[in-house]
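No lab work stands behind these numbers, since they all come straight from the coordinates. Note that the structure is predicted; figures quoted are calculated from it, not measured. All Cβ positions, even for glycine, are placed from backbone atoms using ideal geometry, and neighbour counts span all protein chains on display.
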């Protein structure tokens, strides 16, 4: 049986898995309120689904149309927008925001105050450090052309992104790559590459003993 704190709000139709917890002042199944100029989709949203054993922590918000897997933690004051899919055993850290139409793979860890922009793909076993910023619009809201070009980053399996790094629109961070703290990534990062600096440049390869599956 799921547990819902008396101060939490769970909107009608929400599906809570066995042992799921919705803690103080959390909101699950919230419908979005969009600006007239928003580029987000406006179709009716299916109910939110929360997996077995998942915790929606104090003050967190999970919007309608999103699905969160089993044993995941959405930290205090974190926010998961609409049409987001999150796998099993994921951590979304305190105060982090996962924007609409994003996919996050199993066992990924998103640390405090990270911003995962709309239309991003994050694969399995990714590490995103505190205060990482991802972006999806090269035109920053100017020109109608931007609508067809909006794209968040793709972060492949096992990649790690250091604290305060910035990922520019549409870049791909290769499998097992390592983005150093404070780097500004303006182009694709090869698999297993270590990149640092502004703009980010390849420094070396990730050593064998740091790989998820050593050769």
Where is the GNM fluctuation largest for the chain (alpha-carbon springs, 10 angstrom cutoff): 25, 198, 100? 198
Quick one: work out Rg over Rh on the C-alpha atoms of the range 78-149, Rh as Kirkwood radius. 1.01
Mind telling me which of 204, 142, 81 comes out most flexible in a GNM of the chain, alpha-carbon contacts under 10 Å? 142
Given only helices, namely DSSP H runs of n ≥ 4 each adding -39500 (n - 2.57), what is the per-residue ellipticity at 222 nm of the chain, to the nearest 500 deg cm²/dmol? -500 deg cm²/dmol
Distant alpha-carbon pairs in the range 87-200 (separation over 17 angstrom), percent: 49 percent
What residues from the range 62-76 fall in the zone where the backbone N is under 18 Å from a label point 7 Å along the Cα-to-C-beta line of residue 5? 62-63, 72-76
Determine the gain in length on full extension of the stretch residue 210-residue 33; use 0.36 nm per residue of separation and subtract their C-alpha separation, reporting nm with one decimal. 59.4 nm
Calculate the tail of P(r) for the range 133-204: the fraction of all Cα-Cα distances greater than 15 Å, expressed in %. 49 percent
Binned at 5 Å starting from 0, the alpha-carbon pair-distance distribution of the chain in whole percents comes out as 2, 8, 15, 20, 17, 15, 11, 7, 4, 1, 0
